[in-house]
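Read-outs: derived from the displayed coordinates by stated rules, not from any lab. Predicted, not measured: the structure shown is a model, and the values here were computed from it. Here the Cβ is made from the backbone with ideal geometry for all residues, glycine too, and neighbour counts use every protein chain on show.
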Amino acid sequence: MDKADIYTWLAWQNPPGRQLHQAIMERILAPSHPDAQKFGNWFKTLYGLT
């Protein structure tokens with residue numbers, strides 16, 4: 001389920017459909033990247049962690 005959640009989030013990004021390894025190499029999920037904050041907020045909301 002977690003993998004599906006991450007790929008769903010990646011599908012909504014610009015450009016859509018980026019693979020997880022691409023997101024890691026582009027440092028999109030690095031804490032300093034602006035999209036990392038969006039991902040963290042989305043993930044917390046998804047699992048009711050806010």
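Each residue of the range 9-16 in order: what ³J(HN,Hα) in whole Hz does its phi give by Karplus 6.51 cos²θ - 1.76 cosθ + 1.60, θ = phi - 60°, with x for Gly and Pro?
4, 4, 5, 8, 7, 10, x, x
Put a dot 7 Å past each Cα toward the Cβ at His33 and Ala11; how far apart are the dots in nm?
Output for this residue pair reads 1.9 nm.
What is the fewest-to-most order of Lys3, Lys44, Lys38 by other Cβ atoms lying within 10 Å of their Cβ?
Lys3, Lys44, Lys38
Near Leu20, within a Cβ-to-Cβ distance under 15 Å, what is the net charge of the other residues, with Lys and Arg +1 and Asp and Glu -1?
Details: positive: Lys3, Arg18, Arg27; negative: Asp2, Asp5, Glu26, Asp35.
So the environment of Leu20 carries a net charge of -1.
Taking the Cα atoms only, what angle lies between the long axis of helix 34-46 and the longest principal axis of the chain, rounded to 10 degrees?
Approximately 40 degrees, to the nearest ten.
So for Leu10, Leu29, Leu49, fewest C-beta neighbours within 10 Å to most, what's the order?
In increasing order of surrounding Cβ atoms, one gets Leu49, Leu29, Leu10.
Binning every alpha carbon pair distance of the chain at 10 Å from zero, what are the percents per bin?
Whole-percent P(r) values from 0 Å outward: 25, 61, 13.
If you rank Trp12, Trp42 by fewest surrounding Cβ atoms within 10 Å, what's the result? Could you put the intermediate results ahead of the total?
Numbers: Trp12 10, Trp42 15.
Arranged by neighbour count, lowest to highest, Trp12, Trp42 become Trp12, Trp42.
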